[in-house]
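See structure below.
Every number here is computed from the coordinates shown, using simple stated rules; none is lab data. All values derive from a computational prediction rather than experimental measurement. Please note: Cβ atoms are built from the backbone with ideal geometry, for glycine as well, and neighbour counts cover all protein chains shown.
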Amino acid sequence: MDSKLISDYIDNTVVELNKYYPELLSCIDVEDVKSQLLSSYSSFEDFKVYFDEYVKNSICDFLNINIDKQSKKNLSFKYKVDDLTLSIAQKLVNDTQGLNTNIDDSKVKTHLGIDDCKKIVLDFFMSINQSDPVFASDVYNALYNMKVYNHPGRSYTNDKEIVLYFNGDLGDLVAIAHEVSHAIAKKHDLKLSTKIPSDREKINNRNLLKEVESKMTESMFLRYLYDNKIECVDDNGYSRMMSDDDLDYMLLSSMSSGINNSKRACDETLFKKLYYSNKDKVTPQLLDTYANSEILNDVIRNSAKIKFIIGCYFSKDPSFDYSTTFVPNNGKNLDNEIRFIYGNIIANHFSESFGCDKKVYYEYLINGKYHCDINKLSSLLGFDPNNKDVLVDNYLNTYIDLNKRVDRQLSMDEEKGINRSNVRMLVRNENGFVSTLVLCLVTGFVMGAVAVLSYIFIVNK
Ligand SMILES: [Zn+2]
């Protein structure tokens with residue numbers, strides 16, 4: 001009598017499992033299991049009690065095998081989120097509930113090549129300070145000591161060079177400016193010793209504040225692209241200038257990492273607590289508590305998070321040390337990721353209170369004392385380091401406001417049938433902006449390099 005209910009329930013569960021645990025399903029004959037269950041149960045309620053428990057146990061077995069495979073020892077978390085960061089993260093998560101935080105920065109496409117992008121970034125940094133030849137050569141060196149891969153990945157800057165994953169999206173152009181600012185700031189970082197106690201504190205601060213320069217750069221750079229009337233061409237061949245909506249979208253995308261990393265900080269802290277109170281590794285009870293839900297699909301989704309966390313923390317390199325050797329373990333440990341929470345809220349304060357002031361930005365970028373001393377940084381940017389509430393509240397206000405505007409715009413576009421996903425960007429050659437870009441485009445890289453060099457030469461003079 002309940003066979004339709006039973007059959008649908010199995011089908012829905014299979015769909016969910018397939019999303020998160022295709023490995024689990026690959027060795028099961030679903031139709032066979034279904035016919036067995038249908039012949040064994042006539043009441044949906046009886047079936048559900050058995051089936052939910054069965055699925056949870058299967059997931060637990062799967063996760064436990066994963067734990068055993070990846071770690072011969074006990075699960076140990078090297079990274080700890082401090083209480084202050086956690087309270088900030090929790091506030092950010094609570095106050096943005098229900099908002100879309102999956103703001104994909106590769107949504108806006110460009111057909112700019114890597115050389116065009118480098119030239120735009122070079123012009124941007126020269127607009128910050130034209131009269132410092134050392135700064136100019138630092139920017140130039142960062143841009144032209146770059147390893148570029150044309151496949152997806154997360155770009156980073158190590159002690160030698162920038163490693164860039166480039167697909168020609170607007171987000172990739174922003175990533176270049178982001179990484180170049182890391183490279184410049186890195187050069188000006190103070191030389192610190194791990195043996196001196198006061199230096200150790202500075203090293204900790206520096207690690208926590210490492211995204212401040214790059215998030216400030218993103219805010220400034222996006223406004224620069226907008227102010228300099230970057231020209232966009234959509235799929236239908238209509239050309240338009242970078243609009244307020246594009247700016248909103250990209251700013252929101254840049255800010256969303258603060259929210260997403262807050263979610264992760266809260267999730268992982270909860271998981272750690274639960275894990276340590278359930279010493280027998282993953283159990284159906286742990287999954288239940290973690291999922292905090294009666295609904296099996298929620299349990300499946302949330303146990304996928306456990307799988308992700310296990311994958312992250314059982315990496316091959318448990319001695320991963322961010323400060324000395326930057327292994328591009330990008331996104332794999334929270335210690336690395338929580339920097340975006342601070343980077344975002346401080347960068348937002350900078351753009352709200354200082355209107356992206358070039359002098360303040362430059363002063364910050366080339367002064368190592370601001371990179372590793374929260375008190376010095378706060379005196380430069382005028383906030384109270386002991387009271388981050390104001391920073392967090394302002395960040396939330398900006399974020400929620402941007403989110404509403406972007407949401408409204410996206411639904412309007414949908415009504416009009418506009419596809420914003422394939423926008424081509426060109427740079428308009430006016431007001432002296434990027435005067436050498438057309439040259440680069442027309443005569444290719446060699447001439448482009450000559451033009452860039454002569455630009456640098458003029459700046460050096
Ligand atoms: Zn960064």
**OP:** With unit charges on the beta carbon (Lys/Arg positive, Asp/Glu negative), name the residue among Thr283, Pro385, Ile259 whose Cα is farthest towards the positive pole of the charge dipole of region 83-416.
**Re:** Thr283
Original post:
How far, in nm, would the chain grow between Gln36 and Asn64 when pulled straight, counting 0.36 nm per residue and subtracting the alpha carbon separation?
Top reply: 7.4 nm
Original post:
Counting only residues 5 or more places away or on other chains, whose amide H sits under 5 Å from the amide H of Asp169 once H atoms are built in the peptide plane?
Top reply: Thr110
**OP:** Which order do the peptides 223-229, 212-218, 15-21, 179-185 take when ranked by the mean count of other beta-carbon atoms within 10 Å per residue, highest first?
**Re:** 212-218, 179-185, 223-229, 15-21
Original post:
Taking amide hydrogens as modeled 1.01 Å from N in the peptide plane, which residues meet the under 5 Å criterion relative to Ile230, leaving out close sequence neighbours?
Top reply: Met242
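By how many nm would the segment from Asp280 to Arg200 grow when fully extended, if each residue of separation counts as 0.36 nm and the alpha-carbon distance is taken off?
Numbers: separation 80, 0.36 × 80 = 28.80 nm, distance 3.66 nm.
Here the segment from Asp280 to Arg200 would lengthen by 25.1 nm.
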**OP:** Could I have the simple spin-label model distance between Asp413 and Leu24, label points 7 Å from Cα toward Cβ, reported in nm to one decimal?
**Re:** 3.6 nm
Subject >> Pairs beyond 23 Å (Cα-Cα), from Lys210/Lys273; Lys272/Lys307; Lys4/Lys34; Lys118/Lys263; Lys215/Lys416 >> reply: Lys210/Lys273; Lys118/Lys263; Lys215/Lys416
